[in-house]
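> Can you read through this structure? Questions will come right after.
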Amino acid sequence: MNPPNAPQGPAVANVRLLDVDHTGKLDILVSDMRYGLVMRGQPYSGDPTLKVIAQLNNPCHIAMVDFDGDGIPDFLVADLGQFLPADHTHGSVVLLHGTKEGTYQEMALDGWPRVADVEEGGGVGLGGIRGSLDGAASAAIHRTSGEVDGGDGQSCSSDGIQV
């Protein structure tokens, strides 16, 4: 399974097997942090192609949620902001909001250090129960920047000060 015209030397950071359409069949979700690709494959469909669903900076991790409770799966994506580690604020948490047409609208919370992980909280996740969109995001500490946000409005920065 390769995307069409795949570049040489990918850097796949995350592969998830998720029942995106709630059919009992597992889709493959892949993030390539070198080329900024978020891809989805449906190996059960007979088409072994990974389709690009978003082009971001440097996506690192994917979590499935239902942001607005409409029953259409959405994805939270941790974006490192740049490929190599450094102190910066180019990272972001990106919501890929699913549409009825099967496409995704990007909404980003940017200005973070390297966001290395996102996890679903009370959203759909794998359990299919919608609640608040509490979740967690962690921004990797290189030397002076980093943060963990529990999704409850409280976070802790790398210098230990609550913000």
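> With contacts defined as alpha carbon pairs under 8 Å and 6 or more residues apart, what's the relative contact order of the stretch 25-78 in percent?
After rounding, I find 28 percent.
> Something else now. Listed highest first by mean packing, meaning other Cβ atoms within 10 Å per residue, what order do 58-70, 107-119 come in?
The packing order, highest mean first, is 58-70, 107-119.
> If packing is taken as the average number of other Cβ atoms within 10 Å across a peptide's residues, how do 93-102, 42-51 rank, most packed first?
93-102, 42-51
> Here is a follow-up. Normalised radius of gyration for the stretch 1-122, please: alpha carbon Rg relative to 2.2 N^0.38 Å, two decimal places.
1.03
> Compute the accessible area per residue over the stretch 1-121, keeping the other protein chains in place, probe 1.4 Å, unit Å².
48 Å²
> Check Asp117: other-chain or 5+ apart residues with amide H under 5 Å from its amide H, H built from backbone geometry?
Distant-sequence amide H within range of Asp117: Ser138.
> Please state the charge dipole magnitude for the stretch 11-118, taken about the Cα centre, from unit charges on C-beta atoms (+1 on K and R, -1 on D and E), reported in debye and rounded to the nearest 20.
Its charge dipole is roughly 340 debye.
The values are calculated or read from the model by the stated rules, or taken from the named source; none is laboratory data. Bear in mind the structure is a predicted one, so any value in this text is a computation, not a measurement. Note that we place each Cβ from the backbone using ideal geometry, even for glycine, and neighbour counts take in every protein chain shown. Surface accessibility is based on the protein's heavy atoms, side chains included, excluding ligands, DNA and RNA. Shrake-Rupley method; radii C 1.70, N 1.55, O 1.52, S 1.80 Å.
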